[in-house]
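To start, the structure itself, in structure tokens.
Values in this text are rule-based calculations from the coordinates and carry no lab data. Quantities reported herein were computed from a predicted structural model and do not represent experimental measurements. Cβ atoms come from the backbone with ideal geometry, glycine included; neighbour counts cover every protein chain shown.
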Amino acid sequence: MALLTGSLLAATAPAAPATPTAAPGDPQPPVVVFTEDFENGQTSAVTWVDDYTGPAPLAQTYRADPAWLTYCNGIIASPLNQASDPPGAGCFGWWPRVKDLARVLGDWSNGTGPTNHAVTAYTHSDPGAGRTQLETVTPIPLSATNRFVSFAVDVAEQNCYAANARYAFYLLDGPTAVPAFQRPITPCVDATTVVNATAVGTFHSDAPVLFSGTSVGLRLVNQQPSGNGNDSAFDNIRVLDVTPRLDLAYAPGTIEVGQTADLTFTVTNTSELSAKSGWSFRFAVPPGLTAVNPPSATTCADMVFGTTGAADFAATGTLPAGAASCTITVPVRASTVGTHTTCAADVTPLVGLDPPGCTTLVVVGPTLAFDAHAHGALLSTPLALIPPLAPADLTCTTAPGIDSDTLADFPIPLVGTTSVIADEASGTVGPDGLRTARATANTAGLNLLNGLITADELRAESIATSTATGAVTATGSSTLSNLRVAGRRIIPAPNLRITIPLVGTVITDEHIHRPNGITVNALHIRLLLGTDIIVGHTRASLSTPGIPC
């Protein structure tokens, strides 16, 4: 168990329950683990606190040191009680003021002053310091271990000119008493409201306890030893679970592979805003992400970080008193494309924190420039360059698109004919942001050099694709149906070179690799006299914007 730090909150009027919300940084009310209003089975009869039994199912009972069960102490008083001093109460005529304490507390908490019951103490002898004024007998079950536990109580006090009550609350872990305060509650000093010379307020623990047990008890010790004054009453004791909540959020929610996003852990306080110290969690970094020098920034106090694996880390710290929340920001770099979801299972074990919901980081492929080109044929001679036939071009642009061209029964000037040429260049983006530049060239009915080179159909294709890691792969291929060179049937192969004596050379399925791209020519013919003929040309690449394609 770790004792928290903080400052005592001023007395405040009871607030209406807040509307639940899961917004990071938006405090929620504490969870009430146990409450006692001392109203169970009460009538107009006078009851001492050690004779009282709370409601089912716990049926809590209480004990106190003898000094707090005599001389007008330890009475559960109410305006409903008899007008005169109860026999043996030892109130010496102050009984109407005792009942008035219960009435003020009822009006303060819920408007039930005329019928309210409260535990009173109108001391007429010195009780001594450090005596127990109230203690639970039956342990109060907790829903889980490693929770921040505290208390709240309504207190009223009269005769503030004399010695003031000093309430010190402890949480009981079996026989061990753990202080849930830094400074005792002094109603005459801390209350912000005075009603008919009675100081009254609602007070919360200024030092919640990170509690490791499965059940808890409560002990109230009055540190004021004097009976000169020390005239107070308490009501509506609550044992509270004030465990803060952990929230997660990536910002921005979508990045490109290789870029960095901030993962922010928000520790959100409960609405009483007391300090919470010693909470901790371990973060398992999702595959495909890498934490970069955690943390880059934090508004939490006493932060300690340690690595728990190659990419994981653990954190422990303090949520300062008065803070609605604090944050820890860790940059994470994405190495693969995909949707990375972080949930409660990725921040276990949690100690002193409620689990978060899920947050998602979408990593997309890089924004690369498309460059894709195709044409059916290109002819160059020592004297001239004949423009490409049926060109399709998508030139160095980040915008997806498509371009195509088709020719039918069109000659290749000076050297031959074709029946159909159909070319296309495209750039596409997948749902994951990965990009593809593609170029295809289809040529049918080829006849070159008066039948020296013929083919029924030629098809070339070049493809450049960005990968999940942000790299670019380039592939290419071509098919040549019924290719004949000088009357011989040719089985094409990549970069197959064929020599035609006294004429030149023919290369089938020519592949030329280049950075982030590839060029594929179905046929590349070089004649001895210097003429160069390309049939079925494609090239495709992806480039970083700003770098020439």
Roughly speaking, what is the centre-to-centre gap between the stretch 90-161 and the stretch 433-490 when only Cα atoms are used, to the nearest Å? 91 Å
Please compute the modelled spin-label separation between residue 486 and residue 129, points set 7 Å along Cα→Cβ, answer in nm with one decimal. 11.7 nm
Which whole-Hz couplings ³J(HN,Hα) result when phi for each residue of the stretch 494-503 is put into the Karplus expression 6.51 cos²θ - 1.76 cosθ + 1.60, θ = phi - 60°, listed in order with x for Gly and Pro? x, 6, 6, 9, 10, 9, 9, x, 6, 10
Taking 0.36 nm per intervening residue step and subtracting the Cα-Cα distance, what contour gain separates residue 50 from residue 189 on full extension? 47.2 nm
Against the 2.2 N^0.38 Å scaling, with N counting residues, where does the stretch 301-367 land? I'd like the Cα-based Rg ratio to two decimal places. 1.34
With θ set to phi - 60° and the Karplus curve 6.51 cos²θ - 1.76 cosθ + 1.60, what are the ³J(HN,Hα) couplings of the stretch 125-133 in order, to the nearest whole Hz, using x for Gly and Pro? 8, 5, x, x, 7, x, 8, 6, 8
Give the angle, between 0 and 90 degrees and rounded to the nearest 10, that separates the Cα long axis of helix 95-109 from the longest principal axis of the Cα atoms of the chain. 10 degrees
List, largest first, the extents of the alpha carbons of the chain along their principal axes, each in whole Å. 135, 39, 38
Based on the Cβ-Cβ distance of residue 341 and residue 296, what FRET efficiency does E = 1/(1 + (r/R0)^6) give at R0 = 25 Å, to the nearest 0.05? 0.70
Among the Cα-Cα pairs of the stretch 361-507, the proportion with separation greater than 23 Å, in percent, is 45 percent
Where in the stretch 92-176 are there chymotrypsin sites (Phe, Trp or Tyr not before Pro) that are in a DSSP coil and have at most 10 other Cβ atoms within 10 angstrom of their Cβ? 161
What residues qualify as long-range amide H neighbours of residue 227, i.e. H under 5 Å apart, gap of 5 or more or another chain, H built at 1.01 Å from N? 126
On the formula 1/(1 + (r/R0)^6), with r taken between the Cβ atoms of residue 526 and residue 467 and R0 of 41 Å, the FRET efficiency rounded to 0.05 is 0.70
